[in-house]
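One structure below.
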Amino acid sequence: MRTLQSVVKEAAITEVCEAFKVARGMVQALQENAGRFASMVTMFCERLGWHDFEGLVCKFQNRVSFGVRAEIVELTTIPYIKSILGTALCQNCIQLLI
């Protein structure tokens, strides 16, 4: 769980691998599996009509999938902007206008 938390807090994958003594592929697989599981939980909540919980899990899914903080998720939906560029833009006070 701490491994996934480190990824969501934007720690570099190499740092996470060194800290937890695991291979890079294992961290990436954990991130991918957590995103898929969150997607399944989102669909489950939607079908049960649990819309509030669905919204929470959906936001978590995006954070896990992109490996970024909540405020950067919207930037990563723009084509060609990945987590690193989104983080750089956010750190330099450039924000998405909605």
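Each value in this text was obtained by applying a stated rule to the coordinates, not by laboratory testing. Bear in mind that the values here come from a model prediction, so they are computed numbers and not experimental data. FYI the Cβ positions are ideal-geometry reconstructions off the backbone, even for glycines, and counts take in every protein chain you see.
Things to note:
- Unit charges at the beta carbon, dipole of the stretch 1-56: most positive-side option, 37, 22, 8: 22
- Table column - 3J(HN,Hα) (Hz), the stretch 49-61, Karplus curve with 6.51, -1.76, 1.60, x for Gly and Pro: x, 8, 5, 5, 5, 4, x, 5, 5, 4, 5, 5, 4
- Residues residue 39 and residue 15, FRET efficiency given R0 of 35 Å [Cβ-Cβ distance, rounded to 0.05]: 0.85
- In order through the stretch 38-44: 3J(HN,Hα) via Karplus (6.51 cos²θ - 1.76 cosθ + 1.60), integer Hz, x for Gly, Pro: 4, 5, 5, 5, 4, 5, 4
- Here's the list of lysines a cross-link from residue 21 could span, going by alpha-carbon distance under 27 Å and ignoring same-chain residues fewer than 8 apart: 9, 82.
- Sequence of 21, 9 once ranked by neighbouring C-beta atoms within 10 Å, starting from the fewest: 21, 9
- Karplus-based coupling profile of the stretch 19-31, in residue order and whole Hz: 5, 9, 6, 10, 6, 4, x, 5, 5, 5, 5, 4, 4, with θ = phi - 60° in 6.51 cos²θ - 1.76 cosθ + 1.60 and x standing for Gly or Pro.
- Taken about its Cα centre, the stretch 19-97 carries a charge dipole of roughly 360 debye when the Cβ of each Lys and Arg holds +1 and the Cβ of each Asp and Glu holds -1.
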